[in-house]
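Note sheet for the following structure.
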Amino acid sequence: MAPRTIAARDLHPFLANIATKPHPIRLAVALMLEAGLRVGEVCKLAWIDVAWLGTPKAFVEIDSHAAKGGRARRVPMNVRLTAHVTRSLAEVYAPLNMRPADYLTAKKPGALGQTTRTIERHVAEIGYRILGARITPHTLRHTFATRLLEVSDLRCVQEALGHKSIATTQIYTHPGIDRLTVVLNRT
């Protein structure tokens, strides 16, 4: 069975609604959708993992303590994710005098970050309201992987997601009906 993803036509209304949410939720969704992070990884990130001296890094660093299975990795930031981090640095990091070690999803310096449950609730609420469907943080990760596979290969997806085995990544090899139609029309 193919993993649940957000269709390309539904991404814009979903993201438009996420844009109305507070900083921690916007940035968490961006990290899951644009870098394929797990919700648990997002909750454990610190500012130092995405920015250095008030400037976005070229990649997101997922430390071994935050990564599932203790597998540290670096995921390059695309233009959209860099824009989200830049906005958060300007709106939250600098004005609130956050420190590099503060949690990325914290609302003030020294506070704990958002919980996985809080992020799940916001994503689900918008999913039901805008798309009429159950959307989870893992749906965002699946959407990232499916989009990445459309422009790259399975090995790149495996690295980005931090899977130890390529077999785990193979669930993303499902061809959607639109993609299958295009491919069959090429023959």
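The values are calculated or read from the model by the stated rules, or taken from the named source; none is laboratory data. Everything numeric here is computed off the predicted structure, so don't read it as measured data. So basically every Cβ, Gly included, is an ideal-geometry build from the backbone, and we count neighbours across all protein chains shown.
Being under 24 Å from VAL39 (Cα atoms), assigned to a helix (DSSP H, G or I), at pLDDT below 75 and in contact with a Pro (Cβ under 9 Å, 6 or more places away or on another chain) is the filter here; which residues of segment 139-187 pass it? Hits for segment 139-187 are ILE171, TYR172.
On the stretch given as segment 62-115, residues that are basic (Lys, Arg), in contact (Cβ under 8 Å) with a residue 40 or more places away in the chain and over 27 Å from ALA160 (Cβ atoms) total 2.
So is ASN78 more than 17 Å from LYS44 (Cβ to Cβ) and over 14 Å from the mean Cα position of the chain (by Cα) or not? So ASN78 does not fit the description; no.
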